[in-house]
């Protein structure tokens, strides 16, 4: 089975690497210590602290594996700041909505999505519609609430 590539900005890669380091060097030892301490209370059957610690250990190990897999399949998004002719991964796009309101979106890979901060996935309906567009282009996107009309006003 071929895993699909994960597009990451340098900042996104650094954030995942920092989380992985924290999980390996801080959380793993903390959880292991909690499990050891819970075992000292006696039998592990009907031991709520032991069960909770084992569940946390499973979460930490699962997250470690997920991040390792993301990083193994990561493709760097090079934000070449000299090319602003078309929207691509890593671009920050200013669009004008029908009502005249301006919105900014940064097109990132799915691992870095953060809509409240304007980071949208290249796989989202808006992100997909913006890719390849140029300043002045008008796009209409079908969304659950109907349709959305955007005009690209700048690309950084």
- Give the angle, between 0 and 90 degrees and rounded to the nearest 10, that separates the Cα long axis of helix 10-22 from the longest principal axis of the Cα atoms of the chain. 10 degrees
- Taking a quarter of the surface of the convex hull around the Cα atoms of the chain, what do you get in nm²? 13.1 nm²
- Using a Gaussian network model of the chain with C-alpha springs under 10 Å, which one of 32, 145, 14 is most mobile by mean-square fluctuation? 145
- Burial ranking of peptide ranges 125-137, 18-30 (average Cβ count within 10 Å, highest at the top): 125-137, 18-30
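For the stretch 6-76, just say rounded, prolate or oblate: build the C-alpha gyration tensor, square-root its eigenvalues into a ≥ b ≥ c, call rounded for a/c under 1.5, and beyond that prolate if a/b exceeds b/c, oblate if not.
Values: a/c = 5.04, a/b = 3.03, b/c = 1.66.
Here the stretch 6-76 falls in the prolate category.
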- Message: Over the chain, with a Gaussian network built from C-alpha contacts below 10 Å, which listed residue (143, 120, 75) shows the highest mean-square fluctuation?
- Response: 143
- Gain in span if fully extended, residue 75 to residue 103, counting 0.36 nm per residue against the direct Cα distance: 7.4 nm
- Query: Of the peptides 53-61, 4-12, how do they stack up when ordered by the mean number of other Cβ atoms within 10 Å, highest first?
  - Reply: 4-12, 53-61
- Item | Prolate/oblate/rounded label for the stretch 111-152 (Cα gyration tensor, a/c 1.5) | oblate
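Any read-out appearing in this document is the output of simple, stated calculations on the displayed coordinates, not a laboratory observation. Computed from a predicted model, the values in this text were never measured in an experiment. In this analysis, Cβ positions are derived from the backbone assuming ideal geometry, glycine residues included, and neighbour counts consider all displayed protein chains.
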